[in-house]
There are 2 protein chains.
Amino acid sequence: MKAPIDPYFSPFLNPTALAERYVQLAPSLHRTPVLHSASLDTWGGAELHFKCENFQKSGAFKMRGVTNALRELAVQGLPEGGVCTHSSGNHGQALAWASAALGIPCTVVMPSNAPQFKKDAVRTAGGRIVECTPTLAARIEAVAEVVAATGAVEIHPSNQAPVILGQGSAAWELLEDCASRGIALDWVGVPVGGGGLLAGTGFAVARWNELHGTSVRVFAGEPTGADDAARSLASGKIEHNSNPQTVCDGMRTELGDVNFPVIQSTVAAIHTVEDSEILTAQRLIADRLKIIVETNCAPPLAAVVKHPEAFAGQRVGIVLSGGNLDLSAHEWAH
Amino acid sequence: MKAPIDPYFSPFLNPTALAERYVQLAPSLHRTPVLHSASLDTWGGAELHFKCENFQKSGAFKMRGVTNALRELAVQGLPEGGVCTHSSGNHGQALAWASAALGIPCTVVMPSNAPQFKKDAVRTAGGRIVECTPTLAARIEAVAEVVAATGAVEIHPSNQAPVILGQGSAAWELLEDCASRGIALDWVGVPVGGGGLLAGTGFAVARWNELHGTSVRVFAGEPTGADDAARSLASGKIEHNSNPQTVCDGMRTELGDVNFPVIQSTVAAIHTVEDSEILTAQRLIADRLKIIVETNCAPPLAAVVKHPEAFAGQRVGIVLSGGNLDLSAHEWAH
C-alpha cells in the first residue's frame, strides 16, 4: 500500500495552479537553454534534448527548490534567524545564493574535511559555514544546534515538499520549450540521489500530461553503487545503501518519506548504470555539447544508451543537473 | 601607405549587402547564444557578453568562413575534386563538415605527428587525411600535390576574402543579439592568430557602425609569445614570429596579405597578454559560464582585465572562438 502524498502538493494537483507557481518563480531563476546534438543522437540511438541546469544560478537545479521553499517561508515573514542546511554541495550553495538575494542569513553545516572549493563556493555566495566532524550524526546535531541558537529554519535538500515542487520546474520548462518547437517528448529523464529532483519531475510531468492530454513518461538513471532508489521502487518501501560507492558524489544519498510516495505514483522506471558507463556519457556530453557538467548529470544518458528496448528512436528530454566542478584540480585546459 | 583591400569585399561595403549575405549563410550555421555572468563582470571590471562559437557546428567559428567560401565556389559549380587545406585544427574540421554536407570530397593535409584526436575529428567529419612530414614546406607541397592530382580547390584558413567575410558573421550576430536586448556594445574583442577572424570582425563591425550610426570599436587579444599581429599593426607591415611559444595552439600563425589591410583599416587595438593571464581567463570562463572553451578563446578577456584604462565600465562583446579540446587526456570529470 502506498503512502499518501504530502498535503502541501494538493492545490498543485491542479495543473494551472502549478503552471502559475512556476511563472512566479521564474524571475528568481535563469531560463536555462535546451541543447541538442545530432552526433549525440546518433550515439544514443534516440532524439535527445538536454535541459542545461549547469547554467542555472548557483550552477545547479537546486536553485529551483530553494527558491520555492524560501517563497513559502516569505508568506509568513522570512525568519530573522535565516535558514540552514547540512548539505555541503549544490544545495548548500544554492541556499546561500538565494538567502543572500533576500537579505537573510544562511548557515551551512559542513564536515571539516569538505573540499576547499566547496567551502569557497558557499562563502562566495554569502553563506556562513559551521564545521563539524564528518559523520551524518554530527551534521544533524550541528544543524539542531544552529536552529536552537539562531531560530534558523532548516531547508532540506530533497525531502521537503516545497523543495520538491520547485525542482519540477526544470522538467516543466523543458516540456514547454520542446513543445514550442514542435517536439513532443516521449520521456523525461533525471538522475536520482536523494529523490527531490525525481519526485518533482514526476509530479510536474503528471500535471503536464493532464493539462495537454499527453503521456510523457519519467525515468531516472542511478549508479549501481548507490542503487537504493531502484530497489525502493521495486520493493515498495524505502531501501538503504550500506556503503555507497560511485563517482557521482551527489548520489550517495537516499530517498525520503516525502519524496518516495510521489516517485511511486509518477515514475515509470529507474535504470541502474555502472560508473564506467556514467563517465563515458559525461565525456560525450562535454565533448559534443561543449559544456561543463558534473558526473551526477550523466546517469540518464547512460541509461538511454544501455536500454535501447525502452528508448531507441524515442524523443527523450534529459535534465542535466549541475556543473560545479573543482576546475582548479584539472589541467584540461590546453 | 596601406594596401587596398581585396576587390571581393567591394560589394559588401554596402552594409545591407553584408547583412543579406549573413542571412543567406544562417541556415548552414548554428545561431550560437550570447552568455553573460555577473561574477565575470565583477572580475573583469566591465560588462561582458560572450558569443559562444564553441557551440558552433564543428565546434568553432571556422565553420562560418568555410560556409561562405563554399557558397562562392557553388556559384560556379562545386569542384568535383572537392576542397583541401593543410590546417589540421578547427579549420580542417570545419571544412570536412561543410564539404560532407554538400557531398563533395575534402582532403586535409596533416603532419604525421598530429594528435590522434584531431585526426579522429577530421575523419569523423568525413574528411580524407593525407599525412606529410611536420614542416610548413612539406604541408604546402602536399596541398599542391592534392590540387594537381584531384583538381581540388584550396580553402585557406585565414587569408582568403570569402573566408574572412564569413568569420565576421559572429560579431554581426553578437551585435544584433545585444541590440535586441537594449545593450549597445562599446567594443567587440576577438583573438588573433592568422587574422581571419579579426579582419572579418573589423569589416563587419565597420558596416554595422555605418548602418546604425554607432561607433563600436574592435580589439584583439594576442599571446606575447606570438605577437606578430600587434607588431604588424604598430609597424604598418606584416611582421613574423621567429619561434612562437604560447599555450594557444591556434595562434602560432601569422597575418596574411589579404587580411592585414582590412585589419589596418578597421581595428582599434591589439593587446598582448601572457600565457599565465590567458590560462587564468580560460579557467574563469569555464568556471563561471560552465562551458568548454579552448585556450585560444581567452586572450580578449585577459586583455580586458589587463587594460582597465581602455575597458573599465565599458560594454564589451567577446567572441569565444572554439571548444575543441582533447577531453580524453584529462580527468577533470569528477
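What single numbered condition from (1) under 28 Å from residue A:301 (Cα atoms); (2) more than 12 Å from chain B (Cβ to nearest Cβ); (3) outside any helix (DSSP H, G or I) fails to hold for residue A:4?
Result: residue A:4 fails condition (1) only.
Which of the following residues is of a type outside the set (Val, Ile, Thr), more than 23 Å from residue A:245 (Cβ to Cβ) and touching a Cys at 6+ places or on another chain (Cβ under 9 Å): A:288, A:315?
Among A:288, A:315, only A:315 is of a type outside the set (Val, Ile, Thr), more than 23 Å from residue A:245 (Cβ to Cβ) and touching a Cys at 6+ places or on another chain (Cβ under 9 Å).
Which of the residues spanning the stretch A:269-323 are over 23 Å from residue A:59 (Cα atoms), part of a loop (DSSP other than H, G, I, E, B) and not charged (D, E, K, R)?
Within the stretch A:269-323, A:307, A:312, A:313, A:314 qualify.
Going through the stretch B:215-247 one residue at a time, which ones are touching a helix residue (DSSP H, G or I) at 6+ places or on another chain (Cβ under 7 Å), at pLDDT 95 or above and β-branched (Val, Ile, Thr)?
Correct list: B:216, B:218, B:238.
Quick check: is even one residue across the stretch B:248-260 modelled with pLDDT under 95, aliphatic (A, V, I, L, M) and assigned by TED's automatic domain parsing to the domain that holds residue B:35?
Yes, because at least one residue in the stretch B:248-260 is modelled with pLDDT under 95, aliphatic (A, V, I, L, M) and assigned by TED's automatic domain parsing to the domain that holds residue B:35.
So which helices (runs of 4 or more DSSP H) are wholly in the stretch A:124-222 and hold at least 2 residues that are under 24 Å from residue A:295 (Cα atoms)?
Of the helices (runs of 4 or more DSSP H) lying wholly inside the stretch A:124-222, those with at least 2 residues that are under 24 Å from residue A:295 (Cα atoms) span A:161-167, A:169-180, A:196-212.
Take residue A:181 and decide whether it is under 22 Å from residue A:165 (Cα atoms) and not aliphatic (A, V, I, L, M).
No: the conditions fail for residue A:181.
So, in the stretch B:22-53, how many residues would count as being out of contact with any strand residue (DSSP E or B) (no Cβ under 6 Å at 6 or more places or on another chain), among the aliphatic types (A, V, I, L, M) and farther than 25 Å from residue B:166 by Cβ?
Adding up the residues that qualify gives 1.
Quick check on residue B:125: is it closer than 19 Å to residue B:29 by Cβ, within 14 Å of chain A (Cβ to nearest Cβ) and surrounded by 15 or more Cβ atoms within 10 Å (Cβ to Cβ)?
Yes; evaluated as a whole, the condition is true for this residue.
Considering only the stretch B:313-327, I want to know if a residue exists there that is of a type in the set (Lys, Arg) and within 10 Å of chain A (Cβ to nearest Cβ).
no
Residue-wise test of (1) under 28 Å from residue B:190 (Cα atoms); (2) hydrophobic (A, V, I, L, M, F, W, C).
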| position | (1), (2) |
| --- | --- |
| B:56 | yes, no |
| B:68 | yes, no |
| B:71 | yes, no |
| B:74 | no, yes |
| B:105 | no, no |
| B:112 | no, no |
| B:118 | yes, no |
| B:121 | yes, yes |
| B:139 | yes, no |
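Given the options A:64, A:71, name the one that is surrounded by fewer than 22 Cβ atoms within 10 Å (Cβ to Cβ) and at pLDDT 95 or above.
Going through A:64, A:71 in turn, the sole match is A:71.
Got a sec? Which of B:99, B:88 is within 19 Å of residue B:152 (Cβ to Cβ) and touching a Leu at 6+ places or on another chain (Cβ under 8 Å)?
B:99
Can you find, within the stretch A:38-53, the residue that is farthest from residue A:323 (Cα to Cα) among those that are more than 23 Å from the chain's Cα centre (by Cα) and within 12 Å of chain B (Cβ to nearest Cβ)?
Selected residue: A:42.
For the stretch B:175-188, give me each residue that is buried (at least 23 other Cβ atoms within 10 Å of the Cβ) and either at positive phi or under 14 Å from the mean Cα position of the chain (by Cα) (or both).
B:188, the sole residue that qualifies.
Has the stretch A:272-292 got at least one residue that is more than 14 Å from every other protein chain (Cβ to nearest Cβ), buried (at least 24 other Cβ atoms within 10 Å of the Cβ) and touching a Gly at 6+ places or on another chain (Cβ under 8 Å)?
Yes: the stretch A:272-292 contains one or more residues that are more than 14 Å from every other protein chain (Cβ to nearest Cβ), buried (at least 24 other Cβ atoms within 10 Å of the Cβ) and touching a Gly at 6+ places or on another chain (Cβ under 8 Å).
Can you name every residue in the stretch A:73-96 that is out of contact with any Lys or Arg (no Cβ under 6 Å at 6 or more places or on another chain) and part of a helix (DSSP H, G or I)?
Result: A:73, A:74, A:75, A:92, A:93, A:95, A:96.
Here are B:3, B:19: which of them is within 17 Å of residue B:164 (Cβ to Cβ), in contact with a Leu (Cβ under 8 Å, 6 or more places away or on another chain) and among the small types (Gly, Ala, Ser)?
After ruling out the rest, the residue left standing is B:19.
The values are calculated or read from the model by the stated rules, or taken from the named source; none is laboratory data. Just so it is clear, the model here is predicted, and its values are computed rather than measured. All Cβ positions, even for glycine, are placed from backbone atoms using ideal geometry, and neighbour counts span all protein chains on display.
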